[in-house]
1. Output ³J(HN,Hα) for the stretch 168-179: one whole-Hz value per residue in order, computed from phi by the Karplus curve 6.51 cos²θ - 1.76 cosθ + 1.60 with θ = phi - 60°, and x for Gly and Pro.
2. Which of Thr59, Thr260, Thr101 comes first, and how do the rest follow, when ranked by fewest Cβ neighbours within 10 Å?
3. Just for the chain, what percent of DSSP beta bridges are antiparallel, to the closest 5?
4. Using the number of other C-beta atoms within 10 angstrom as an exposure proxy, rank Thr128, Thr299 with the fewest first.
5. Summing Lys, Arg as +1 and Asp, Glu as -1, what charge do residues with Cβ under 13 Å from the Cβ of Ser215 carry, Ser215 excluded?
6. Kindly provide the GluC sites (Glu not before Pro) of the stretch 170-279 that DSSP labels as loop, not H, G, I, E or B, and whose Cβ sees at most 16 other Cβ atoms within 10 Å.
7. Does anyone have the angle between helix 3-15 and the longest principal axis of the chain? Alpha-carbon axes, 0 to 90°, nearest 10?
8. Antiparallel versus total DSSP beta bridges in the stretch 163-270: what percent is that, nearest 5?
Amino acid sequence: MDLALLRTFVTVHRAGSFTRAAALLGLSQPAVTSQIRTLERQLGRPLFLRQARGVTPTTIGDELAHKAAPHLDALVEIAEGGLDDESSLRTLHLAGPPEFTAERALPALTELAGDDGQGFALRASFGTAEEALEGLAAGHHDLAISTARPRGALLTATPLCDEEHVLVAAPRWARRIGPDALRLKGAPALENLPVVEVHESLPFVSRYWASVFDSRPATSGTVIVPDLRAVLACAIAGAGLAVLPHYLCLPAIDHGAIVTLHDPAVPPLRTYFLVTRTGTLAMPHVARAHEWLQRAAVTWG
């Protein structure tokens, strides 16, 4: 079986589209289509079902991808790394959410990168969980940090850590609602407070309300900024209440710039996963980063 055909097949499987696969491979779409048809003729079985947008693999296609992808990745590792691994550092391409990656993952990994010539060069990109997983599957990244566990066999997820969320606001808002309002009234005590969030859908506030108050927020966002660090800055400035990761706002709480409005018996948690393409943990630089992040996560309170 032609390895070039297998490489095209795996790329299409990961990209979910002949068009995206062609762009990744530097080929024309007709060339990709022709290669897939050739492989299907050789196997005597269809590998993809054509949809209005992209393609979905058949069960035979999924089985072949699961078997072939790790070996193709290993061959790429050999080709890109050369025979002498000590001649140059390998580059680790990491993807993840901007705040967690910047505040947690990158400080941990930069201790390892380039360490005594045995580490790796590091390149990071930020994006949503969906973007990170799509980029990982398409081969743009080696390692992804995601709050979503991927489906299927081509990506392998390992739980990394849990993130506790807290409800905070500037002290003047806490004084306005009073010390006993939440205990006596619950979520309605917060209805007239402005809200700072990362998206119009209020993902953090909605998750907190559902978990703690068993309800939905009865307000819309007052300030929407697509970065939790900016949400924190706005909350400190008095723009309104916010739901934030505890680690991110702990220094501001300790300094009194913001206060915790509520202390539920069971705080809302969000789990982070380390995700790789199945089989790529055989690559030393990916394995070292994976292990290093797991070790570092033990100390992340």
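Every number here is computed from the coordinates shown, using simple stated rules; none is lab data. Predicted, not measured: the structure shown is a model, and the values here were computed from it. Every residue, glycine as well, gets a Cβ built from its backbone with ideal geometry; the counts of neighbours run over all protein chains shown.
1. 9, 6, 5, x, 5, 6, 5, 5, 5, 7, x, x
2. Ranked by crowding around the Cβ, least crowded first: Thr59, Thr260, Thr101.
3. Roughly 65 percent of the DSSP beta bridges within the chain come out antiparallel.
4. Thr299, Thr128
5. Charge balance near Ser215 sits at +1.
6. For GluC sites (Glu not before Pro) across the stretch 170-279 that sit outside H, G, I, E and B with at most 16 neighbouring Cβ atoms in 10 Å, the list reads Glu191, Glu200.
7. The angle comes out near 20 degrees.
8. Antiparallel bridges: around 75 percent, rounded to the nearest 5.
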